[in-house]
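Handing you a structure now.
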Amino acid sequence: MEVCQNEAQIETAIKEQKAEALVLTDDGMHLAAFWTRLLCGCGTNGRFEPIYVMENIIPLFDKSFNYEIVEANAWKKGKFLQAYYTPEANKIVIRSDVYERAIAGSVLDVITIAHEVVHCIQSIILRLLYAMQCVEFKTALCGTDSSEMRQHELQTDKITALVLSPNRLIEGKTDEEILQKYFISPLIQLIFGFIKQAGKSLIEALNDTKYFTQKEEETKTA
């Protein structure tokens, strides 16, 4: 009975971690959009170019990333799914006519590609942030249920809108508030997270080497 209870607790904890990694608060979505623009060199007022980001920026941060343009006559995903991001392969796949129209400036096709680019950048950001908690974003995304996936897709739509409309990110905020909310506070949280994880790893390493046991024996002998 106890074993089953422990297994249930572990399963619940894993599910909670997955949900936390995949489904962000409103502040979390704004933060993800801000750092997406920052990492892509757009700042708070530059233009976000999803194809340029996909082809030139993401590979700088994630060497495992790749993308593929599939000829329209060889596309097997149906006419409604025009592009997608697959976390297992860490790849964005785009139908060729969508890619070509986006290059030509078609707004709808730019948004379609931007959505998949934001999926990929979320993967990079969340893998970094949740590394301290041992949550693998790609694994979580692949193992999530349909309800979490729907929330994640809606979330990605919202982040994409914020990335493409930076005025919404900084609306009503002073430069000091932007600096504090989007830059200083997250960095402090990240640093403390690394320190906490490093301390935990150190304790585990000491336990593995039986450091404390040896010290106790030395004390008793003395």
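The values are calculated or read from the model by the stated rules, or taken from the named source; none is laboratory data. Treat the numbers as computed from the prediction; the structure is a model and nothing was measured. Because the Cβ atoms are built from the backbone with ideal geometry, glycine has one as well, and the counts that use them run over all protein chains shown.
Are there any strands (runs of 3 or more DSSP E) wholly within the stretch 32-97 with 2 or more residues that are modelled with pLDDT of 95 or more, in contact with an Asp or Glu (Cβ under 7 Å, 6 or more places away or on another chain) and aliphatic (A, V, I, L, M), and if so which? Give the derivation first.
Working: elements: 66-70, 83-86, 91-95.
Output list reads 91-95.
A further question on this structure: Could you list all residues from the stretch 153-166 that are in a helix (DSSP H, G or I) and either among the β-branched types (V, I, T) or within 17 Å of C40 (Cβ to Cβ) (or both)? Give the derivation first.
Quick first cut of the stretch 153-166, residues in a helix (DSSP H, G or I) only: 153-164.
Within the stretch 153-166, T156, I159, T160, A161, L162, V163, L164 meet the criteria.
Scan the stretch 148-157 and give yes if some residue there is within 18 Å of the chain's Cα centre (by Cα), at pLDDT below 75 and in the same structural domain as I121 (by TED's automatic domain parsing), otherwise no. So that I can check it myself, show each step before the final result.
Of the stretch 148-157, the ones within 18 Å of the chain's Cα centre (by Cα) are 148-157.
Add one more test, that the residue is at pLDDT below 75, and what stays is 148.
From what is left, the residues that are in the same structural domain as I121 (by TED's automatic domain parsing) are 148.
Among the residues of the stretch 148-157, at least one is within 18 Å of the chain's Cα centre (by Cα), at pLDDT below 75 and in the same structural domain as I121 (by TED's automatic domain parsing), which makes the answer yes.
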